[in-house]
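Peer 1: Below is one structure. I have some questions about it.
The values are calculated or read from the model by the stated rules, or taken from the named source; none is laboratory data. These numbers come from a predicted model, not from an experiment. Here the Cβ is made from the backbone with ideal geometry for all residues, glycine too, and neighbour counts use every protein chain on show. SASA here: full protein model, heavy atoms, side chains in, ligands and nucleic acids out. Shrake-Rupley method; radii C 1.70, N 1.55, O 1.52, S 1.80 Å.
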Amino acid sequence: MKKTQLHLKSGLSFLALTSLFCFSQPAIAQSAPAQDNKPVQDRDINRDELARFDQFLDSHREIAEQVRKDPSVVNKDDFVKNHPALQTFLREHPAIREQIKQNPDAFMHAENRYDRREDNRDRDVNRQELSRFDQFLDAHRETAEQLRKNPSLVNNEEYVKGHPELQAYLQDHPAVREQLRDNPNALMQAQNRDDRREDNRDADANRADANRDRATDANRDTDRQADNRDRDNRDRDVSRDRDTNRQELANFDRFLDSHRETAEQLRKDPSLVDNHEFVKNHPALQTYLQDHPAVRQEIKENPNAFMEAENRYDRREDDANRDRWAGADRDHRDGMTDHNDMHRHFGEFLNSHSDLAQRLSQNPALVKDHDFVESHPELKEYLNANPEARQQLMANPQDFVKSSQQFNANGAKPPAAEPKPHQ
């Protein structure tokens with residue numbers, strides 16, 4: 001009986017296995033073709049979906065960093081649950097979810113390639129925007145020169161605020177503004193290259209027809225010429241930076257000649273010109289620097305070098321004045337009042353103004369001090385009435401005053417002092 005039951009159970013088990021095999025076989029046969037016939041484009045990563053996922057990662061840097069290190073975490077429930085933004089994104093984008101589940105490494109590799117291409121596009125400023133920025137700088141040469149010397153000024157709020165045209169341009173061109181903020185030096189270098197290319201195109205425009213067959217060689221030569229011009233321009237810029245504009249230097253020399261006290265202090269310590277308290281306490285200097293921004297900038301950058309240049313200029317002016325007055329005296333000796341007459345006349349003037357004579361005897365250079373002359377109207381009137389004497393005084397005050405003191409009020413040389421009698 002037991003043997004019969006055992007055979008029966010074995011037979012039922014065999015029938016069950018056979019039935020299961022028979023019923024499952026069509027299911028496998030049906031599912032296999034469906035998988036093989038899946039369209040290739042469905043398996044390939046859709047570019048639009050890839051772009052959306054790249055944007056999502058760009059706005060969720062922490063998630064992006066972890067997913068790029070280990071793409072398989074996107075298939076881990078715990079990780080997805082702990083990042084609701086990722087969970088929501090995958091739910092709203094089933095195609096991306098499916099692609100990542102099937103092969104996360106391949107999907108993230110494709111996303112990385114896409115991200116690099118996007119980065120390249122982001123790093124390269126749109127050429128049209130760069131061209132517009134070049135046009136802006138061409139129309140605002142002062143701003144362009146300052147930005148080329150120091151590109152970081154574009155991120156200086158006070159500087160931008162002080163240049164309304166630049167401020168308006170950056171507001172109207174957010175792409176350029178963003179590039180400048182991220183890397184001002186790189187953008188200005190790109191702009192300089194674009195500017196050189198524009199200059200080259202302008203220079204070659206008239207030769208285009210004649211040199212069409214030699215365009216490649218001509219372009220290379222033009223590039224070399226442009227490089228040489230750039231070097232020359234840089235050298236000239238450096239020279240201009242080192243050498244103060246001669247006209248501004250002359251103006252500053254005249255200012256110092258008429259403000260001797262200020263001049264003396266600045267020559268002792270040129271850095272005082274950059275001292276806010278000192279400038280504030282000398283209104284005339286403050287006004288002058290406001291009216292002459294080029295001089296103010298030169299002095300601030302290198303006060304010692306500027307004052308040395310001014311001293312050299314002053315010496316050259318003194319030498320030129322001496323030569324000029326000496327030449328004028330030789331050319332007009334017969335028709336002009338000779339030196340003795342001028343000295344005698346000035347000596348008589350000093351004899352009638354004893355206090356003034358004493359001051360000038362101690363410091364003849366006071367005749368060149370504008371404030372001193374203004375405070376002595378009689379001296380000012382004399383100098384205005386006697387331009388020849390004024391010229392001689394300005395050229396060499398010490399010699400002129402000393403020579404004039406030889407004459408007394410009557411116009412004769414003073415007699416030699418008699419020896420004292422012996423006691």
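Peer 1: Name the pairs whose Cβ atoms lie under 7 Å apart, with the first residue in segment 70-97 and without any contact (Cβ under 8 Å) to a residue 40 or more places away in the chain, the second in a loop (DSSP other than H, G, I, E, B), and 6 or more positions between them or separate chains?
Peer 2: Final answer for the pair search is A85/H60.
Peer 1: Return only the number of the condition from (1) in contact with a Phe, Trp or Tyr (Cβ under 9 Å, 6 or more places away or on another chain); (2) in contact (Cβ under 8 Å) with a residue 40 or more places away in the chain; (3) of a type in the set (A, V, I, L, M, F, W, C) that F136 does not satisfy.
Peer 2: (2)
Peer 1: Separate question: Report the residue count in segment 262-282 for those that are closer than 18 Å to D369 by Cβ and not acidic (D, E).
Peer 2: So in segment 262-282, the residues closer than 18 Å to D369 by Cβ come out as 262-268, 282.
This time we only want the ones that are not acidic (D, E), so: 262-263, 265-268, 282.
Residues flagged as closer than 18 Å to D369 by Cβ and not acidic (D, E) within segment 262-282 amount to 7.
Peer 1: Looking at this structure, is T262 under 25 Å from A395 (Cα atoms) and of a type in the set (V, I, T)? Quick ask: steps written out before the conclusion?
Peer 2: Values: under 25 Å from A395 (Cα atoms): yes; of a type in the set (V, I, T): yes.
Answer is yes for this residue.
Peer 1: For E378, work out the one condition from (1) assigned to a helix (DSSP H, G or I); (2) modelled with pLDDT under 85 it doesn't fulfil.
Peer 2: So E378 meets the others, but not (2).
Peer 1: Hey, another quick one. Could you please find all residues in segment 283-302 being within 19 Å of A250 (Cβ to Cβ), surrounded by fewer than 17 Cβ atoms within 10 Å (Cβ to Cβ) and in contact with a helix residue (DSSP H, G or I) (Cβ under 8 Å, 6 or more places away or on another chain)?
Peer 2: A284, Q290, A294
Peer 1: Starting from residues that are under 22 Å from E317 (Cα atoms) and among the polar types (S, T, N, Q), keep the ones in segment 349-408 and report whichever is most open to solvent (accessible area, probe 1.4 Å).
Peer 2: This residue is Q398.
Peer 1: Could you figure out which of (1) exposed (fewer than 12 other Cβ atoms within 10 Å of the Cβ); (2) within 14 Å of the chain's Cα centre (by Cα) isn't true of E165?
Peer 2: Of the numbered conditions (1) exposed (fewer than 12 other Cβ atoms within 10 Å of the Cβ); (2) within 14 Å of the chain's Cα centre (by Cα), the odd one out for E165 is (2).
Peer 1: Are there any pairs, at least 6 apart or on different chains, whose C-beta atoms fall under 9 Å, with the first in segment 219-230 and closer than 14 Å to E198 by Cα and the second at pLDDT 75 or above and of a type in the set (S, T, N, Q), and if so, which?
Peer 2: D230/N192
Peer 1: Quick one: which of T222, T143, T216 is at pLDDT below 70, hydroxyl-bearing (S, T, Y) and farther than 30 Å from R68 by Cα?
Peer 2: Unique residue meeting the criteria: T216.
Peer 1: List pairs: first residue in segment 163-188 and modelled with pLDDT of 90 or more, second residue polar (S, T, N, Q) and part of a helix (DSSP H, G or I) anywhere in the structure, Cβ distance under 8 angstrom, at least six positions apart or on different chains.
Peer 2: From residues that are modelled with pLDDT of 90 or more, the pairs are H163/T143; E165/T143; L166/T143.
Peer 1: For M336, all conditions in the list (1) at pLDDT 80 or above; (2) open to solvent by 70 Å² or more (accessible area, probe 1.4 Å); (3) hydrophobic (A, V, I, L, M, F, W, C) hold save one; what is the number of the exception?
Peer 2: Going through the list (1) at pLDDT 80 or above; (2) open to solvent by 70 Å² or more (accessible area, probe 1.4 Å); (3) hydrophobic (A, V, I, L, M, F, W, C), M336 breaks only (1).
Peer 1: Quick check on segment 264-282. Is at least one of its residues crowded, with 16+ Cβ neighbours inside 10 Å and in contact (Cβ under 8 Å) with a residue 60 or more places away in the chain?
Peer 2: no
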